[in-house]
Structure formats: C-alpha cells, structure tokens
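Worksheet for the structure shown next.
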Amino acid sequence: MTDPRRRIPRTDAVLGEPQVVHAVRTLGRPLVKSAVKEAQRRSRDGEIAPEEVVAAVVAGLPERASSLRPVLNATGVLVHTNLGRAPLSAAARDAVLAATGCTDVELDLAEGRRGRRGRGALAALAAAVPEAAAVHLVNNNAAALLLCALALAGGPRREIVVSRGELVEIGDGFRIPELLAGTGAVLREVGTTNRTGVRDYAEAIGPHTAFLLRVHPSNYRVTGFTAAPGLSELAALGPPVVVDTGSGLLAPHPLLPEEPDAATALRDGAALVTASGDKLLGGPQAGLLLGDAELIALLRRHPAARALRVDKLTLAALEATLRGPGTPVATALTADPAVLHERAGRLADRLCAEGVPAAATATEAVVGGGGAPGVTLPSAGVALPARYGPLLRTGTPAVLGRIERNRCLLDLRALAEDQEDTLLTAVLEAHRAHRAREQPGRGEAGKDAPVGETDRRCT
Ligand SMILES: *Cc1c(COP(=O)(O)O)cnc(C)c1O
C-alpha cells in the first residue's frame, strides 16, 4: 500500500489550478501560498484527503488582501472605538472610492496649476460653521491639540492654563496633559477636580501664558459640588481660549444638550475649537480646527503641520460627510424607539420561525467613543442565549453584540435597517454551527436557558 501522503499535490501544481491562479491575481502570491501550505498540512495530518487539497485552499482563502473584516455593530454603542468609531455614510464611501486612484487633491484641473490641498473639504467645513473665520484639518483631534501646543505655546516657558477637572485620559493610556507637555509647553494647572473658578484662571495668567485650554470631559462626568466658569467669562480674560469639544458636533444637538458644539463655542468667544471627525460628526478619523484666521494661519504654517496632514481618502470622506445626506451615526442617534421595537419584534419573529430561541427586548444604547457620557438612549434588540455571542463574533460577517444578564443582546440602534437581513443570516449561520456541534439526540429546546422573563418569547 502506498502512503496517501505521497498523493498530496505539490505547491506549484496547486498554484497552477485555474481558481488558484485567479486568487493569486486578486490576493497576491504570499496569502495564497500560506493557504496552500495549510491545506497540505491538513492533508498530511489526515484531516482531508489529498484530492481535497485544492478545494480546501479555495475555501481557506481570505476574502481580501487586508485582514480588516467588516463587523455588524449590534453593541448598542453608536460610536465604538474598537470598531473604528463612526461608520461612513454611503456618500462618503463612494467619495473615498473615487479618490483611491489618482485624484486632483492638490491640482486645479481648470487652470492646470497646483491647487490648495483639500480645498473642497475645507470649504465644506467652513460652510458648515459660518462662525469660524478659518478652518484647518489634521489627522485626529489629538493632532489638533498637539499642533495648537507646538504652534502657539512653542517658545521657552510658554504656558497652557488648564483646569484640574479637565486633565483627561482619552483611552488606551493616552492622556491629553502628557500629549501637551511632550511638546515642551508648560501645563499650568488651576482649580480643583470638582471646582474651578474664573479667578483661578485669572491668577495664573502672566507674561508666559500662551493660551487657556478647555477640554470637554467627554468620557466621564463630575457631578455634585462642581463649578466651572462659562466660556465667555474665560474669553474675557484676554489670552486666546482653545476649546477641545471632543465629539465633533458642529451645532447644538437637541438630544444631547450637555454636549459642546463648535458654533456655540466660537460664538461664546473661543479663539480655536478642536474636534474629532469620527465621533458624533459621523465621518472619517480627522482633527478639525476652527476659529481665528491668524491663529489658524500660524497652525497651518508650522513645520509640524506637514507631519499631521490628512490624506486624500480622509479629505474625500470628510467632504462627503459634511455635504452629503445624514450619516449613520446621526440616523442611529435620532432613531425612534418605537420603530426600533417594531424592528426587534419582526427580527425575533423571523428567527423564532427558524427555530432560534430569540426574544425581542427593550435595551439601552449609548453614544460611546468619548461622547455624551451618562446619556442613555432607549433602544430595542433581540436577546439570544449567551453562547451565540462567540459564534456571532467569529462568523462571517462578524457580529458584535453584548453579553448582559447571561444573554447575548443584539441591539438594533447602531445597526442600519438595511443590515438586518445580513444580521438574520449571520444568526441563522451561528444557529446551524451550534446545531452541527451538538451531539445528536439532545434536543435544542431543553438546553436553552430562558432569554428573558418579561420579553416577548418564541411561542
Ligand atoms: C476623543 C477625544 C480626543 C481625542 O480625539 P482623537 O480624534 O481620537 O484624537 C481628545 N479630546 C477629547 C475631549 C475627546 O473626546
């Protein structure tokens, strides 16, 4: 008897198969080759027959050359940092695609001359906030603050005056005070954690003062015995006030009265406002700078501005976000809870009809991603047994829900309505994967813990 392992096709032979040749063209040789090696290993280990190697290679190929995978956000967190924050609108995605090749990002096609980089996105931002005399764009809000510190507080012993209640850690261990101090600027802390008065700022102002900084506590709340001066009081003190609004609202939002916005801050006397592009604004990662024309010119001309500049894809996405129809984040934020309940009920019914132990349930969603701390948004979703969590997370497409009270909750607020069929398919796939793993003879119904007492249940 010959060893079946001798029949395992050689790498060159597999790479010569038509389907595999096509994959080499779309994915590149190294990715395909590692799929071949893996299939050959499985055959050597006796997991598959040598004749099955080519099929296993095709099945084992990644969908694309990047390892980033689309994820359905069923967490109920509208702006989820670990999921890349704001999902782009269809208009923004389309704009990105159009800009991926060669594009007129720095060229005036009508005149045939060099054009101002990103002028379309800058004009859109200026149009969205008429209160701003000038605007500038950088990589993210952290870069916007960094550029303020470098350009405005770059000299020897130049001071940035900031309240002790606003020394914010953004996330992943990054702290705004450390970011600023890293530029060589001196941070002059005033007041206390809970209370800072206008006098605290006034007493700290001196010949070395570069600017006063106000940072929105975007991921925590200080409540109780608290005080902070109004922005107009600070602006009246003399030095420019830089306001880090964080979440990127350009104008007040009726649902988020506590969240600062660029237009109001500028009207109240802020010299500069900084914000993120990919939080409540609903666009790509970017840092927005709006305000005084002379200060913006200083920022733009600083050598570091070149290191912080945004790429053409960001410019394309941001302009389309600002000019285009409502963003997915805005849609999620303003979703009617009654409609979400209807959607959840329909989805649960469809799942129940397929034998999935699902129940529609009321949930609470949040803005997340450093915006509107403490605000909960009434929402609805589908509750499944907790074991669905990891199955959905590792499926294709991946679905991220949240585990609560030993149930896997799929919150619908952050999920676009046109993603629901995909979600349904993913849950059915997880259901089948679970059934396939179960030993035959053990009933599904008897094993599942109830997904909720007061919820709508499968009948
Ligand atoms: C999110 C946030 C930042 C950081 O913004 P990035 O765009 O992630 O760099 C800075 N300040 C505040 C107040 C924030 O909420």
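A few points about this structure:
- Any hit, segment 116-136, residues being among the acidic types (D, E), at pLDDT 95 or above, away from the ligand (no atom under 16 Å from the Cβ) and touching a Leu at 6+ places or on another chain (Cβ under 9 Å): yes
- Of the residues in segment 34-51, none is of a type in the set (G, A, S), assigned to a loop (DSSP other than H, G, I, E, B) and within 32 Å of the chain's Cα centre (by Cα).
- Pick from segment 221-245, criterion in contact with a helix residue (DSSP H, G or I) (Cβ under 7 Å, 6 or more places away or on another chain) and not hydrophobic (A, V, I, L, M, F, W, C), ranking: farthest from the ligand (Cβ to nearest atom): E233
- Counted residues, segment 65-82 - those being buried (at least 19 other Cβ atoms within 10 Å of the Cβ) and either among the aliphatic types (A, V, I, L, M) or over 8 Å from the mean Cα position of the chain (by Cα) (or both): 8
- Condition check for A251: more than 16 Å from the ligand (Cβ to nearest atom), hydrophobic (A, V, I, L, M, F, W, C) and within 28 Å of G368 (Cβ to Cβ): yes
- Screening segment 172-191 for residues that are without any contact (Cβ under 8 Å) to a residue 24 or more places away in the chain and within 11 Å of the ligand (Cβ to nearest atom) and picking the one that is surrounded by the most Cβ atoms within 10 Å (Cβ to Cβ) gives R175.
- Selection of segment 83-93 for residues being surrounded by fewer than 19 Cβ atoms within 10 Å (Cβ to Cβ) and closer than 12 Å to Q419 by Cβ yields an empty set.
- Identity of the residue in segment 197-220, within 13 Å of the ligand (Cβ to nearest atom) and assigned to a loop (DSSP other than H, G, I, E, B), that ends up farthest from D261 (Cα to Cα): Y220
- Matching residues, segment 325-359, being under 27 Å from the mean Cα position of the chain (by Cα), modelled with pLDDT of 95 or more and among the small types (G, A, S): A330, A332, A335, A338, A344
- Within segment 230-247, the set of residues being modelled with pLDDT of 95 or more, crowded, with 17+ Cβ neighbours inside 10 Å and either part of a loop (DSSP other than H, G, I, E, B) or in contact with a Pro (Cβ under 6 Å, 6 or more places away or on another chain) (or both) comprises L237, P239, P240, T245.
- With respect to (1) within 16 Å of the ligand (Cβ to nearest atom); (2) not in a helix (DSSP H, G or I), the lone exception for G269 is condition (1).
- Reported count of residues in segment 140-171, each being modelled with pLDDT of 95 or more, more than 13 Å from the ligand (Cβ to nearest atom) and touching a His at 6+ places or on another chain (Cβ under 7 Å), is 4.
- Of the residues making up segment 272-293, just one is of a type in the set (V, I, T) and more than 10 Å from the ligand (Cβ to nearest atom), namely V273.
- Tabulated pairs, segment 121-148, first under 23 Å from A185 (Cβ atoms), second part of a loop (DSSP other than H, G, I, E, B) and among the charged types (D, E, K, R), C-beta under 9 angstrom, 6+ apart or interchain: A134/D292; L137/R309; V138/R309; N139/R309; N139/D311; N140/D278; N141/K279
- A23 vs. criteria of a type outside the set (S, T, N, Q), under 14 Å from P62 (Cα atoms) and without any contact (Cβ under 8 Å) to a residue 40 or more places away in the chain: yes
- Any hit, segment 302-316, residues being in a helix (DSSP H, G or I), crowded, with 23+ Cβ neighbours inside 10 Å and of a type in the set (A, V, I, L, M, F, W, C): yes
- At least 2 residues being buried (at least 21 other Cβ atoms within 10 Å of the Cβ) is the threshold, and among the strands (runs of 3 or more DSSP E) wholly inside segment 332-437 those reaching it are 359-366, 376-385, 407-411.
- When residues in segment 52-89 are screened for being over 24 Å from R29 (Cα atoms) and either without any contact (Cβ under 8 Å) to a residue 40 or more places away in the chain or part of a loop (DSSP other than H, G, I, E, B) (or both), 13 of them pass.
The values are calculated or read from the model by the stated rules, or taken from the named source; none is laboratory data. The model shown is predicted, which means the values in this text are computed figures rather than measured ones. Methodologically, a virtual Cβ is constructed for each residue, glycine included, from the backbone with ideal geometry; neighbour enumeration extends over all protein chains shown.
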